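The values are calculated or read from the model by the stated rules, or taken from the named source; none is laboratory data. These numbers come from a predicted model, not from an experiment. FYI the Cβ positions are ideal-geometry reconstructions off the backbone, even for glycines, and counts take in every protein chain you see.
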Amino acid sequence: MQMENVRVAAVQFAPVVADKDANLAKVRDLACRAAEQGAEAVCFHEQSLNGYNLWSQPAGGEKGTEKGGIWAPAWSELGLDPYSVAEAVPGGPSVRALEKIAKEKKIVVMAGIHEVDEDNAVYNCYFAVGPQGFIGKYRKCHCVPGAEYAYFKQGNAFPVFNAGKFNFGVLICYDNHFPEAHRIYGIKGAHVIVMPHVTVGRAWWPEETHSLDEAHEQARQWVLKWLRARAFDNSVYCIFANQVDPGGKGCLGASMIVDPEGRVAARAGKVDEEIVTADLDASFYYQVRKRSHDYLNHRRPELYGELVRGPRVQRHKR
C-alpha cells in the first residue's frame, strides 16, 4: 500500500507494576489526549500495560547500591510471576479494552503486555488495535540475556502490519541493537518502525555525577547514536517510545520521532509523563527512499551470506 500523511504520537508515562486496571486507565487518558492533539496512531512503551518487572537481583546485592562506579538495577520488587499478569493476545481483557478506545476515538493504539499462548508459553508482546479491531502483534525476538530468558519465550518473525495510512513493524527494546531486523523491515515495505522501550535509566550513570537534566540529555544522546542510523540507512520513520519513572529514579523517557533522513521530528522535553506528536509526510518518505538515497535497491545480497551463517563472533580473551 501507499503511505499517506499521518500524525502519530509517542507517549511516555510511569506504569504501576502488576496493576493493569491503573495502567489501562492511564493509557485511555493519554490516548484520548493524544487524539485531541490530532494523533491518528498512539504508541506506548514496552510492557506498558503491566509494568516491566522481572525475576532479578541487583548486581550489588542491595537495591540502589553502587558497584564499580555503575548503579546496580533496582527493581521495585524481586519480580512478578509472569503468569499472574499474562493474557491472551488477541482476545484478552486488555486487548478488548484498547479495542474499545480505538473504536471510540477512531485511532490506532499500540501497547506492550505479557502474552500467554495456547501452549502456556509467555512472550514479551506488543500489539496494535484500530477502529476496526485487532491489527496484529509482535513477539520480542531478542530477549536480553539473563532475566528475560527466565521469563519469556522468544519470537521468531518480523511481521509488517497495516495501520490504515502506513505500514509498520515493531522492534522491542533490545531488538533495536540488531540492525539486520531493521533492514528486513525496510525491504518488506515498512514505512514506520515502532520501537517501544524500557531503557536508558539512572542505573546507567552514577547519580551523584549527573543532575536530572544532564542524565536525561545523556540518555537522549545514547538513543540518537543508533536511532538516527536505523532510520537513515533504511529510509523509514522511527517512533521511539520509552518509559519514564517518577523523579527520574529509573527510566528517563527521551521518547522521540525520527524521520527517514535521521532528523529528530519531535522529542520529549522533560523527564515526566508526556505526549510527543509529529506529522509523518508521505511525499517526503518517497522522496528520500526513491531519490535522495536509494540504498535498499542498491544492495548486493549475493555478497551478504556471511551474515546468516557461520559461528558467532568470539570474544577476545584478555
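Beta carbons closer than 6 Å, at least 6 apart along the sequence or on distinct chains, pair a first residue in segment 173-191 that is closer than 29 Å to residue 201 by Cα with a second that is basic (Lys, Arg) and part of a helix (DSSP H, G or I) for 182/230. The lone criterion from (1) part of a helix (DSSP H, G or I); (2) more than 12 Å from the chain's Cα centre (by Cα); (3) of a type in the set (Phe, Trp, Tyr) left unmet by residue 174 is number (2). Taking the criterion of being among the hydroxyl-bearing types (Ser, Thr, Tyr), part of a loop (DSSP other than H, G, I, E, B) and either at pLDDT 95 or above or buried (at least 17 other Cβ atoms within 10 Å of the Cβ) (or both), the only residue of segment 200-252 that qualifies is 235.
Would you confirm, using the coordinates I've provided, whether residue 255 is small (Gly, Ala, Ser), farther than 25 Å from residue 113 by Cα and buried (at least 17 other Cβ atoms within 10 Å of the Cβ)? Taking the combined requirement at face value, the residue does not satisfy it. Put simply, of 100, 63, 67 the only residue that is farther than 17 Å from residue 137 by Cβ and at pLDDT 95 or above is 100. Residues of segment 137-165 being surrounded by fewer than 19 Cβ atoms within 10 Å (Cβ to Cβ), within 18 Å of the chain's Cα centre (by Cα) and among the small types (Gly, Ala, Ser), which ones? Result: 157, single match.
Quick one: count up the residues across segment 5-55 that are within 20 Å of residue 170 (Cβ to Cβ) and charged (D, E, K, R). Here the count works out to 3. Say whether the condition of being surrounded by 22 or more Cβ atoms within 10 Å (Cβ to Cβ), out of contact with any Ser or Thr (no Cβ under 6 Å at 6 or more places or on another chain), polar (S, T, N, Q) and outside any helix (DSSP H, G or I) is met by at least one residue in segment 275-289. No, segment 275-289 contains no residue that is surrounded by 22 or more Cβ atoms within 10 Å (Cβ to Cβ), out of contact with any Ser or Thr (no Cβ under 6 Å at 6 or more places or on another chain), polar (S, T, N, Q) and outside any helix (DSSP H, G or I).
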